[in-house]
1. Return the pairs, sorted by first residue and then second, in which the second residue is assigned to a helix (DSSP H, G or I) and modelled with pLDDT under 90, the first residue lies in the stretch 84-98 and is in the same structural domain as residue 43 (by TED's automatic domain parsing), the beta carbons are less than 6 Å apart, and the residues are 6+ apart or on different chains.
2. In the stretch 136-157, what residues are surrounded by fewer than 11 Cβ atoms within 10 Å (Cβ to Cβ) and more than 18 Å from residue 180 (Cα to Cα)?
3. Count, please, the residues in the stretch 7-32 that happen to be at pLDDT 90 or above and assigned to a helix (DSSP H, G or I).
4. Does residue 51 count as under 13 Å from residue 3 (Cα atoms) and in a helix (DSSP H, G or I)?
5. Which of the residues that make up the stretch 181-197 are surrounded by fewer than 16 Cβ atoms within 10 Å (Cβ to Cβ), without any contact (Cβ under 8 Å) to a residue 40 or more places away in the chain and assigned to a helix (DSSP H, G or I)?
6. Kindly establish whether residue 220 is farther than 26 Å from residue 89 by Cβ, free of Cβ contacts under 8 Å to residues at least 40 places away in the same chain and surrounded by 12 or more Cβ atoms within 10 Å (Cβ to Cβ).
7. If you scan the stretch 39-56, which residues turn out to be within 21 Å of residue 160 (Cβ to Cβ) and under 22 Å from the mean Cα position of the chain (by Cα)?
8. Check residue 94 against each of (1) within 23 Å of residue 193 (Cβ to Cβ); (2) under 18 Å from the mean Cα position of the chain (by Cα); (3) modelled with pLDDT of 90 or more; (4) in a helix (DSSP H, G or I) and name the one condition it does not meet.
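The values are calculated or read from the model by the stated rules, or taken from the named source; none is laboratory data. Model, not experiment: these values are computed from the prediction. FYI the Cβ positions are ideal-geometry reconstructions off the backbone, even for glycines, and counts take in every protein chain you see.
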């Protein structure tokens, strides 16, 4: 997977290409940090191979939990924004803190856009969103997630630092290893996805430029029209 810096380079090249062709780029979904990396003024601290190697060795030896606890002590805001299971991002945050001597969040940008951008968020009431998440996980299982992970495990999935910790993959790998039952893995996937959704919502809610529209069941039919109405207004964020 691309780092935020690499994603920024690739995304901006594509955005610039589309703008030069007279087309309107649409960036949908994704991690809040990656979205901001693409559209906001954002520079990235360098890396230190020695620090990175030491932190990655700690990750391999002890898992992401102790490293996330270390991050929570050094930068509580960063720890709240990064899932404890996301070892790669935890390592990067700790590396930046050690290199710069400042909290990781101090290196994040203000709300200054590189492009004239309209940002739209779709809000869903928590009980409804939780029900959608549970239904989505059920459909993942019905579509053969366990068999998919079993096949990928044979191709080296467990050795991947990021893919092995993806929602669903991590839980099924635990079940295949005998650490829990398949029903427990499914339930934990639901719980972990709900936690991830709450973090994503909190991240985007902090950005005052986002125009929020309701995506509740009773209002979904008119959602596209309301979004287009915003686009047609002279509104930028």
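1. Going by the 6 Å Cβ cut-off, the qualifying pairs are 85/165; 93/78; 93/104; 96/104; 96/107; 97/104.
2. 139, 142, 143, 154, 155, 156, listed by residue number.
3. 14
4. It is false that residue 51 is under 13 Å from residue 3 (Cα atoms) and in a helix (DSSP H, G or I).
5. Passing the criteria: 182, 183, 184, 187, 191.
6. It is true that residue 220 is farther than 26 Å from residue 89 by Cβ, free of Cβ contacts under 8 Å to residues at least 40 places away in the same chain and surrounded by 12 or more Cβ atoms within 10 Å (Cβ to Cβ).
7. Result: 47, 52, 55, 56.
8. (1)
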